[in-house]
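See below for the structure under consideration.
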Amino acid sequence: SMHWYLESMKKTVDGFEMTFQVNVLAGFLLTTLLMDTVAKAEEPRIIITSSISQGSSIDFDNLNMEKGFSSHGSYSLSKLCNAMHAIELAERMKKRHPHVTVNTLDPGTVNTKMLLAGWGMCGIDVERANNEFNLATDASLKGKSGLYFVGGRETKASRPCYDKDQRLKLWKRMEDMTGVRCLPED
């Protein structure tokens, strides 16, 4: 899982807001580059980490957080984009590689360096953080795709995740920003 959380606005050498590039664009690019390899596996599962802190709306004119940066806003936007990416990827995989499942989850409140630095000991120990492992290995989830989990239970992600037009707009932006095309619909 990649997580990145900054207190102040920083841009990458590519010109993107750091949290967005690390949490969203890097995962999109990596998933795209590994697609053929993943598709060759027997029961492949792609898991994209989101958060219960995912945003509830997306401003496509402010993906770089130039209008009113806040570290929480940037993180929330990135986690919404992760969930939207996962659900759109799941839809595209049904057509191209139906044996590959794609799901997204909140990993739980884990005492990571970021959490400890910002809020102190308020989560579970890293050694007990197994939501991703369970999603990757639970036999009852075989063949289930396009879902969002919190605490090991399927639940609903934020509304934009189920808006095909918004998912397509984000997908196109991620392709443009990374310079790769991933499972084109045409």
Here the residues within the stretch 16-40 that are over 16 Å from the mean Cα position of the chain (by Cα) and without any contact (Cβ under 8 Å) to a residue 12 or more places away in the chain are ASP36, THR37, LYS40
Selection from the stretch 40-52 of residues surrounded by 15 or more Cβ atoms within 10 Å (Cβ to Cβ) and among the small types (Gly, Ala, Ser) yields SER50, SER51
Notebook entry, point to check: Is it true that some residue in the stretch 15-37 is modelled with pLDDT of 95 or more, assigned to a strand (DSSP E or B) and open to solvent by less than 20 Å² (accessible area, probe 1.4 Å)?
Noted result: yes
Residue count, the stretch 53-106, condition under 21 Å from LEU29 (Cβ atoms) and either hydrophobic (A, V, I, L, M, F, W, C) or not in a helix (DSSP H, G or I) (or both), comes to 23
Over the stretch 145-186, the set of residues hydroxyl-bearing (Ser, Thr, Tyr) and in contact with a helix residue (DSSP H, G or I) (Cβ under 8 Å, 6 or more places away or on another chain) is SER145, TYR148, SER158, TYR162, THR178
Scanning the stretch 129-183 residue by residue, those at pLDDT below 95 and on the phi > 0 side of the Ramachandran plot turn out to be GLY151, GLY152, LEU183
* Asked: Is there a residue being open to solvent by less than 30 Å² (accessible area, probe 1.4 Å) and in a loop (DSSP other than H, G, I, E, B) anywhere in the stretch 153-167?
  -> yes
Boolean, ILE58 is farther than 29 Å from THR137 by Cβ, at pLDDT 95 or above, of a type in the set (Val, Ile, Thr) and open to solvent by 20 Å² or more (accessible area, probe 1.4 Å):
yes
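The values are calculated or read from the model by the stated rules, or taken from the named source; none is laboratory data. It should be emphasised that the depicted structure is a prediction, and the values quoted were computed from it without experimental measurement. All Cβ positions, even for glycine, are placed from backbone atoms using ideal geometry, and neighbour counts span all protein chains on display. For accessibility, only protein heavy atoms count, side chains too; no ligands or nucleic acids. Shrake-Rupley method; radii C 1.70, N 1.55, O 1.52, S 1.80 Å.
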